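One structure below.
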Amino acid sequence: MAHVIALANQKGGVGKTTTSINLGAALAQAGKRVLLVDIDPQGNATSGLGVDKSTLKSDVYDVLIQEATVRDVVVATDNMDLVPATIQLSDSEVQLVNIPEREYRLKKALEAVQGEYDYILIDNPPSLGLLTINSFTAANSVLIPVQTEFYALEGLGQLINTVELVRQQFNPELEIGGILLTMYDGRTNLAKQVSQEVRSYFKDRVYQTVIPRTVRLSEAPSYGQAIIDFDPRSLGARVYTELAQEVLKQYG
Ligand code: ADP
Ligand code: MG
């Protein structure tokens, strides 16, 4: 059975997509079968894995709103399988409202492929709407990337409340798997302060691995590659491999 991780933070630009792609690739390199599910209408994980959205006949929208199965829409990429997203998905928040058992659509769809993967990663949009609720209902754990910048902790309370709400109403097993500090710039005192603050609040729920700010990590998606393929010897490749080791220790 796959372990399902939702990568979420209602803030944009904190490293959800970068971590989905690169943690996924590092888990795959460690021999795990990985499925990445893109549920952000921006489709950044889809293009970041080198998939040309204009060529897709169907995507995660068809799974959530229509009756398509994961197998109908899945695309094979270098390291992992992908359930792609396109801008079509932006209509889904409104359309989901009228669908019965609307919170369970993604969970039901993923159940059919649980046996085919070791890890299923869900890359969330920057909001706490029905798409994110679907991912929390489908997930075993939530990984929260937190950018080590000034407003880092703002909004985290609301995010954690949403996790709690989904646990109570739709998915009693759900847990916060970990907080990941991202875009760390060790030259600034601010980054150090924010990291200390996050660690003193979330204690051992913060991953030991810290993702530094590096140009190579931001360049890789435009080549449609994970960092371990784009620049295997880079710092970014090393830290995401370390993060994968931590995740493997956690869930096996
Ligand atoms: P989110 O999915 O949370 O919106 P992204 O992963 O797309 O965030 O990251 C936002 C932007 O920052 C992207 O342009 C990405 O390439 C860049 N980025 C992400 N992580 C890093 C990093 N560790 N170092 C440098 N740039 C990064
Ligand atoms: Mg994103």
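No value in this document is a laboratory result; all are computed from the given coordinates. As the structure is a computational prediction, the values presented were derived from the model and not from experiment. Ideal geometry is used to build each Cβ from the backbone, glycine not excepted, and the neighbour counts take in all protein chains shown.
Remarks
- Alpha-carbon centroid distance for the pair the stretch 225-239 / the stretch 136-151, whole angstrom: 22 Å
- Only beta bridges with both residues in the chain are counted; by DSSP, about 5 percent of them are antiparallel.
- Cross-link reach list, aspartates and glutamates versus Lys192, counting only Cα pairs under 15 Å and skipping chain neighbours closer than eight places: Glu149
- Dipole axis of the chain (+1 Lys, Arg; -1 Asp, Glu on Cβ), positive-most option in Phe136, Ala28, Thr55: Ala28
- Dimensionless Rg/Rh of the stretch 145-252 - Kirkwood Rh, Rg from C-alpha atoms: 1.01
- In this rough spin-label picture, where each label sits 7 Å from Cα along the Cβ direction, the Tyr223-Ala30 distance is 2.4 nm.
- Those GluC sites (Glu not before Pro) in the stretch 117-167 that DSSP places in a loop and that have at most 14 other beta carbons within 10 Å: Glu154
- Between Ala30, Ala152, Ala85, the Gaussian network model of the chain with springs among Cα atoms under 10 angstrom shows the greatest mean-square fluctuation at Ala30.
- Of all the options Ser92, Ser54, Ser141, the one that moves most in a Gaussian network model of the chain with Cα springs shorter than 10 angstrom is Ser54.
- In the structure shown, the pairs Lys11/Lys53; Lys11/Lys249; Lys11/Lys32; Lys11/Lys57; Lys53/Lys107; Lys108/Lys203 are assessed against 26 Å; a Cα-Cα span above that value is assigned to Lys11/Lys249; Lys11/Lys32; Lys11/Lys57; Lys108/Lys203.
- Coil-residue trypsin sites (Lys or Arg not before Pro) of the stretch 145-248, DSSP, other Cβ within 10 Å capped at 10: Arg187, Arg233
- Once both labels are positioned 7 Å from their Cα atoms along Cα-to-Cβ, the gap between Asp72 and Arg187 label points is 5.1 nm.
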